[in-house]
Amino acid sequence: MTSPHPGPKSVRTVDTDSDKGKTDGKSMLRQKDRERYQRQIGLPEIGEQGQKRLGRSRVLLAGLGGLGSVLAASLCAAGVGFLRIADRDRVELSNLNRQILHWTADIGREKTVSAGEKLAAFNPEVVLEPRQIAIAEDTVQELLRDCQIIVDGTDNLESRRVLNRASLKTGLPFIHGGINGFNGMLSTFIPGRTPCFECLFSEFGGGSGCPSVLGATAGIVGSLQSLEALKYLLGMHAELLTGRLLIVQGRSMTFRKIRLEPNPACPECG
Amino acid sequence: MMTATIHITLNGFEEAVVSEATIASLIRDFNEQDSDLIVEHNGCFVYPAEYGKRVLQDGDRLEFINPNFGG
């Protein structure tokens, strides 16, 4: 199901001083940014330079469901400069056990509008671009325009296949996560450096129907994906979850990494 | 004639299986119905093309994992 392809309909910009795209490497952080991000600027891995780097970063977040809600909030809170949020759905009552950006009064509203309002209030320094659109072959290239990274907040195999192909085509990293019940999995796929999503899942059918899932599981896996995205944007490339699939088993509180080798039979990158 | 067996750990439990067992034969023998299955062998992801070729050794650790594609 593909929806029409409206262009950006609600791009908010902030004042010139906070236009993250124009901040040069030597300029100082504004006082209000220094205060807002004080508790992470103190990290040696970030500092003022890292915070400015985050402020210049541009992210595509595909999907605003359980994972996407947590991802959007975490990335906004951390101060990424530009966040394009894409989803085709409207909020339903059954979403609310896990999709924490959407509230009871939002039922029936477009998810991008519902999420965009909360995110704008949460951190007005972030430039948001809501796109109420399906993730599809004919939309993804435009959705990726000028972004540095693809973050997976989708809930189905086909959207992830589209995002993976776009990642391979553009060379942009793809931060994948998925959840089901108490469990989840995630990996960071970097074209040319790691196996890709299809290396692992090209023979999978994706199951049927909507899996049952706890909001807490989405919180765990979405937060871990956020950490991966922020590490990438900060240049911490040696410490990413690359060449590994992290399996999260919430019932036993087990976190286990599985090594991934190249798949020469991969239909996309083999 | 007795069939030689090896001991492996499958999904956290010790199991005696026939020597020369492959991942494909164990998926069949343990009646794993779900075709969407991740297989971890000694900490490594195994691609489906390997299932019939990968012969298990005594002491190996195998996990059958259902992937999670929700969001």
For residue A:45 paired with residue A:92, estimate the spin-label separation in nm (one decimal), with each label point 7 Å from Cα along the Cα-to-Cβ line. 3.7 nm
Chain-alone versus full-assembly comparison, the stretch A:126-161, residues with accessible loss of at least 10 Å² (1.4 Å probe): A:155, A:157, A:160
Across the residues of B:40-52, average count of Cβ atoms on other protein chains within 10 Å? 4
Rank by packing, highest mean first: peptides A:250-256, A:111-117, A:211-217, A:149-155, with packing defined as the count of other Cβ atoms within 10 Å averaged across residues. A:149-155, A:111-117, A:211-217, A:250-256
Would you tell me the mean number of C-beta atoms belonging to other protein chains that fall within 10 Å of each C-beta in A:212-223, as a whole number? 1
What accessible area per residue comes out for the stretch A:57-259, rounded to a whole number of Å², with a 1.4 Å probe? 36 Å²
In nm, to one decimal, how far is the residue A:38 label point from the residue A:249 one, both placed 7 Å along Cα→Cβ? 4.4 nm
Could you order the peptides A:90-96, A:261-267, A:173-179, A:62-68 from most to least packed, using the average number of other C-beta atoms within 10 Å per residue? A:62-68, A:173-179, A:90-96, A:261-267
Which FRET efficiency value, to the nearest 0.05, is calculated for residue B:32 and residue A:137 with the Förster distance at 41 angstrom and r the Cβ-Cβ distance? 0.80
Could you please state how large a percent of the accessible area of chain A is carbon and sulfur, counting protein chains only and using a 1.4 Å probe? 53 percent
Could you sort the peptides A:188-195, A:136-143, A:37-44 by per-residue average Cβ neighbour count (10 Å cutoff), highest mean leading? A:188-195, A:136-143, A:37-44
What total accessible area, in Å², is buried where chains B and A meet, using a 1.4 Å probe and rounding to the nearest 100? 2100 Å²
Ignoring everything except DSSP H segments at least 4 long, calculate the 222 nm mean residue ellipticity for chain A; use -39,500 (n - 2.57) per segment, divide by total residues, nearest 500. -10000 deg cm²/dmol
Pairwise label distance in nanometres, residue B:42 with residue B:58, each label 7 Å out on the Cα-Cβ vector: 1.5 nm
Which positions within the stretch A:240-270 get 30 Å² or more of their accessible surface covered by the other protein chains, compared to the chain by itself, with a 1.4 angstrom probe? A:256, A:258, A:259, A:261
Of every hundred units of 1.4 Å-probe accessible area on chain B, the number belonging to carbon and sulfur atoms, as a percent, is 50 percent
Average other protein chain Cβ within 10 Å of Cβ, residues B:57-70: 6
Provide the per residue accessible area, probe 1.4 Å, for chain B, rounded to a whole number of square angstrom. 53 Å²
Given Cβ point charges of +1 (Lys, Arg) and -1 (Asp, Glu) and nothing else, what value in debye, to the nearest 20, does the dipole of the protein assembly as shown about its Cα centre take? 1340 debye
Violations at 26 Å Cα threshold for listed pairs A:32/A:231; A:52/A:111; A:169/B:53; A:52/A:257 -> A:52/A:111; A:169/B:53; A:52/A:257
How much of the DSSP bridge set in the protein assembly as shown is antiparallel, in percent, rounded to the nearest 5? 60 percent
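The values are calculated or read from the model by the stated rules, or taken from the named source; none is laboratory data. Bear in mind the structure is a predicted one, so any value in this text is a computation, not a measurement. FYI the Cβ positions are ideal-geometry reconstructions off the backbone, even for glycines, and counts take in every protein chain you see. Side chains are part of the model used for accessible areas, which takes the heavy atoms of the whole protein and leaves out ligands, DNA and RNA. Shrake-Rupley method; radii C 1.70, N 1.55, O 1.52, S 1.80 Å.
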